[in-house]
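Comments concern the structure below.
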Amino acid sequence: MANHYDGQLGQVAKRLKTEFAGARGHTGNHEVQPSVVLHVRGLSEHALEQDLIDAVQHFGQVGQVVMMPRKRQALVEFEDLQSARSCVTYCNSNQIYVAGQPAFFNYSTSQRIERQQGEFERNKPNNILLMTVLNPAYPITTDVIHKISGQIGEIQRIVIFKKNGVQAMVEFDTTETATRALQQLNGADIYSGCCTLKIEFAKPTRLNVFKNDNDSWDYTQPNLGLGNGRQQQPWQQHSRKSIVACGFS
């Protein structure tokens, strides 16, 4: 089960490797031809897609953003070349702050951010959300995800992956419920100052869960597989207080 979903979650990161590698090492604007795609460096590990959009949207309409939090980098694609030029020109003599930290903008070697059909499908409204946990300083389990998501609406299933950082897929009862959860939780901290949620719609329409435990749970089948009885651990008692303190009561 985990390998199947891990493969889907890793596709975008693998596909973007060439684009980021191509942008690395070009420090002078004259070395790279102007492009609507900008390479962003020096981002905070807590920076979210919306933080980046907020920082540059006054230069022009942003078409797409791809974040690479582990590298503290991103790609930003403007709708037109003039907007990208304005951003780079401004950055040559001024500082652009993203999530409170100065970032560096230069033209990417790519003229467009490559898109695949799977990406469009994943970003369409869906009843399943993909949650990426940035700076996961505390353990993230199905109990934690259910605590913050369940107050918004009914949850069917949760699957957590830890191959590329910490990510979770959360299946809600309806697309409307998932949309509300995305709007309310995207960018929020599970705990104060850490475990920040970056949320987007996922591609699958149903999750496969084979047993209920800390990494997967089917709430429509409470006795599925092993791990039927949950015993709250000492750290979980602490985490619940932290979540309540952050407004997820």
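The values are calculated or read from the model by the stated rules, or taken from the named source; none is laboratory data. Please read all numbers here as calculations on a predicted model, not as lab measurements. Please note: Cβ atoms are built from the backbone with ideal geometry, for glycine as well, and neighbour counts cover all protein chains shown. The accessibility values were calculated without ligands, DNA or RNA, using every heavy atom of the protein model including side chains. Shrake-Rupley method; radii C 1.70, N 1.55, O 1.52, S 1.80 Å.
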- Query: Hey, got the Cα dimensions of region 45-87 along the principal axes, in Å, largest first?
  - Reply: 30, 14, 14
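How many percent of the accessible area of region 47-86 is carbon or sulfur, using a 1.4 Å probe? Please list the in-between numbers first.
Values: 790 of 1920 Å².
About 41 percent, which is the carbon plus sulfur part of the accessible surface.
So, for region 138-200, what is the accessible surface per residue at a probe of 1.4 Å, expressed in square angstrom?
Working: 2290 Å² over 63 residues.
It amounts to 36 Å² per residue over region 138-200.
Starting from region 162-229, pick out the chymotrypsin sites (Phe, Trp or Tyr not before Pro) whose DSSP state is loop and whose Cβ has at most 13 other Cβ atoms within 10 Å. List each step's numbers first, then the result.
On the way: sites: Phe172, Tyr191, Phe201, Phe210, Trp217, Tyr219; in loops: Phe210, Tyr219.
The qualifying sites are Phe210.
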- Item | All-pairs alpha carbon distance profile, region 76-172, 10 Å steps from 0, percent | 12, 28, 27, 24, 9, 0
- Can you list the trypsin sites (Lys or Arg not before Pro) in region 126-177 that are in a DSSP coil and have 13 or fewer other beta carbons within 10 angstrom? Lys163
